[in-house]
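Some notes on the structure that comes next.
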Amino acid sequence: DVFVRNRILARTTVVSTGLFLGQMQAGTFNATLTPDGSYAVFQSVAAFFPSDENLRHDIYMRAVDVPSVYSISPTMVSHGETVTFTVTGDTFQPGAQLLMPGGFTVGTPVVTATSLVVQLTVTAAAPVGDTSVVVQNPGTGPGYFTGAVGGCPKCLMVHGH
């Protein structure tokens, strides 16, 4: 396994994972970090995709840090609204995306290391109640909102008409 330690955030992350972030089923070796420390590169015969059955060495590059989400604004929206939606946290990478369920239209995000800002439209098909707010960096797992909103610790509250 390949682990990376972020000494500033005091966080250790396993980066030698498969497509769905599970542990790879074979050894990993020749690991290195990119010069800026954002990505780990390693080699393995493990199958990244379930269909990879050739047992040949493949080279993988994975983003090191899964994003952490600390707050969202606004915390409540209604059907038919379009809002400037801001997610704050840390370790957001260029290309990070806001993942929302059906019923939301998500514009192109503006991403910095600590924020993601996007135009968010709440259509009539959006579920009423709590909706999880998820940010995903390219090549990593999702970062969930962990603050308290409504009755759900990881959610945006949608009000119906």
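Summary table below
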{"read-out": "Under the Debye formula (equal points on every Cα, no solvent term), log10 I(q)/I(0) of the range 45-136 at q = 0.14, 0.17, 0.19 Å⁻¹", "value": "-0.60, -0.75, -0.85"}
{"read-out": "Centroid-to-centroid separation of the range 122-136 and the range 71-120 [C-alpha atoms, Å]", "value": "11 Å"}
{"read-out": "Computed magnitude of the charge dipole of the range 38-112 (debye, nearest 20; Cβ of K, R +1, Cβ of D, E -1)", "value": "60 debye"}
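No value in this document is a laboratory result; all are computed from the given coordinates. Because the structure is predicted, anything quoted here is derived from the model rather than measured. Cβ sites come from the backbone with ideal geometry, for glycine too, and all protein chains shown count toward neighbours.
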